Amino acid sequence: MGRLLFFFGEAYRALRRNAAPSIAAIVTIAITVLLVGVLVPVLKASGSKTDDVRDQISLKVFLFKSAEKSEIKQLRETIEATPDVAAVEYISPAKALKTLERDLDEKNILDAINNKNPLPPSFNVRLDNPDNLESVQSALAPPDPSGSPQPISPAIEEIVTAEQTDQIREVTGAVKILLAVIAVLLGIASLFLVGNTIRLSIYARRREVEVMRLVGATNWFIRWPFVIEGIVVGVFGAAIAVGILFVGKVIIADPLSDKFALIENLNTIAFAPLVAILVGGAMVVAALGSGVTLRRFLQI
Amino acid sequence: MATARRRTRSRTRRSRIDASPDVHARRERPPIVQLRESTVVYPGGHVGLERVSLSIDRGEFIFIVGSTGCGKSTLFKLLIRELEPASGSVHIAGKDINAIPKNRVPQLRRRIGTVFQDFKLLPNRTVYDNVAYALQVTGTPRGQIKHQVRDILRMVGLGAKLHSYPDQLSGGEQQRVSIARAFVNHPPLLLADEPTGNLDPETSIGIMQLLYRINRSGTTLVVVTHDREMVDKMKRRVVQLHEGRVIRDQAAGMYASEEDTTEFGARMREELDVGSEGTV
């Protein structure tokens, strides 16, 4: 207990005397945590959004209008038996027409086209995992020796994967990777800045360290104040960032979510766990930064 | 007459180191410091100490003298294991300090007080805190620290300056603080590197008195010094180093004989030729 007080006293003393670099590190950590604090909810939100999109990824198997009922029934069974297929929904021409009418917001399309439904029947094939799109596709239409896909049933006219879904997959993947890379880079930057602060602190306190060694302080006894100093820097930085985040949430995000249901409905992270993650992360990064620096520059 | 006696005693000391029959006789209480053929080579090849053998008994008061660069500081660093010998061994209180694991070195240093010419006080702490520091790092309980620090500061004559900062003290007072810090643990061995190097003669006497008092309480004192007058007046054992070697080891010696090194070497050789008239 007395020992702990001693460590904190030493760390406090060092921070006060070493104010300039400490404040620089605190501000940098605050900026980093602020950015990560904005990124995490955005990342989470974009993640949940693309999850919605991914759930909708499906194959559309269009059939010939002339397909026999028995053929359709058999094909349905075949598709249902294909691995990675979650559900198969038959869409009759009549149902397809209704969907079209709804999408176009126009009733009685048939009247305009001589009462003859031009739409083919189709299957909507849902997958258990969007990543299995290609394997299912090739199962339904394995490539022939020349390489062009041949449908497994003569009833199949065309198999369509919505091209959009591929693009969405690519874009959301890229966005996620980009955000993650930025977060990691910022994390590394703050690691080095904490390290630098500790390095300056070691330099400023080399006399203390020398005396501590002479009077027989153990290595960890010498190190602890520096580690605590680093963690305090981390916590201060995180606290500032969390304060700004909270103000931003109250002033910007909350009024917006009143107006736009979309924002409110986003499946993003709650504020309390976010704060816990940010403060915890800042502490870990700061402790790591001081630890690595101590190993390199505190020769004891 | 006096010179003759000194020479005799000096040879006595040598025979103890070389043949060391006394070491076996005193097995139950080994010398506090024992160097055997210790050689220190710095990175780059510079030889700091060359085959130095030295034995210091408990309770001794010994001066180490020699010109700058003779290896005095190297000897100090060797004793607190700042440096490790390239060959030979260093025993403190019978223990080979280079055989103990690295994480036990702090425990070794707690049993050796160190005093330096530049005091090595922490400028932003009070006298009390500076001394208490040595106890805090060893995990002494607060109440005990308070007690011990007040006692030791009273002993060195600074009982009234507990809350002064080092820059408010004179050089002599600062050195007293640093001695208090070195001695607050009551270590069996106290190393002082030019403790009076920065002080005027009057103040130096006070510091020497203090060291003498500490020695009288049973602590072994090893004092590196350039203070010729002090060494001559104290009439204690003197070890002279030159270019990393012990060239003189004399009980109740002077800072230096009037002769220069060459003459001294000639005399030593002559003395050794005379044979063993020394008694143990």
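The values are calculated or read from the model by the stated rules, or taken from the named source; none is laboratory data. No experiment lies behind these values; they were computed from the predicted model shown. Note: ideal-geometry Cβ built from the backbone for every residue, glycine included; neighbour counts use all protein chains shown.
If you take the residues in the stretch A:186-212 that are among the hydrophobic types (A, V, I, L, M, F, W, C) and within 14 Å of chain B (Cβ to nearest Cβ), which one is nearest to the chain's Cα centre (by Cα)?
My answer is A:Ala204.
Condition check: within 14 Å of chain A (Cβ to nearest Cβ), in a helix (DSSP H, G or I) and at pLDDT 90 or above. Does B:Ile214 satisfy that? Against the criterion (within 14 Å of chain A (Cβ to nearest Cβ), in a helix (DSSP H, G or I) and at pLDDT 90 or above), B:Ile214 does not qualify. Scanning the stretch B:217-244 for residues that are part of a strand (DSSP E or B) and out of contact with any strand residue (DSSP E or B) (no Cβ under 6 Å at 6 or more places or on another chain) gives B:Leu241, B:His242.
When only residues in the stretch B:148-166 that are exposed (fewer than 15 other Cβ atoms within 10 Å of the Cβ) and over 27 Å from the mean Cα position of the chain (by Cα) count, which is nearest to B:Ser217 (Cα to Cα)? If we take residues in the stretch B:148-166 being exposed (fewer than 15 other Cβ atoms within 10 Å of the Cβ) and over 27 Å from the mean Cα position of the chain (by Cα), then B:Ala160 is nearest to B:Ser217 (Cα to Cα). For residues that are surrounded by 14 or more Cβ atoms within 10 Å (Cβ to Cβ) and touching a residue at least 24 places away in the same chain (Cβ under 8 Å), scanning just the stretch B:93-107, find the one that is nearest to the other protein chains (Cβ to nearest Cβ). Looking at the filtered set, the residue picked out is B:Val105.
Under the condition of being surrounded by fewer than 18 Cβ atoms within 10 Å (Cβ to Cβ) and more than 13 Å from chain A (Cβ to nearest Cβ), the residues counted in the stretch B:74-92 number 4.
Restricting the first member to the stretch B:49-78 and to residues that are in the same structural domain as B:Val246 (by TED's automatic domain parsing), and the second to residues that are of a type in the set (Ser, Thr, Tyr) and part of a helix (DSSP H, G or I), the beta-carbon pairs closer than 7 Å and six or more apart or on different chains are B:Leu49/B:Thr74. Restricting the first member to the stretch B:108-137 and to residues that are in contact (Cβ under 8 Å) with a residue 60 or more places away in the chain and more than 7 Å from chain A (Cβ to nearest Cβ), and the second to residues that are small (Gly, Ala, Ser) and surrounded by fewer than 23 Cβ atoms within 10 Å (Cβ to Cβ), the beta-carbon pairs closer than 7 Å and six or more apart or on different chains are B:Gln117/B:Gly197.
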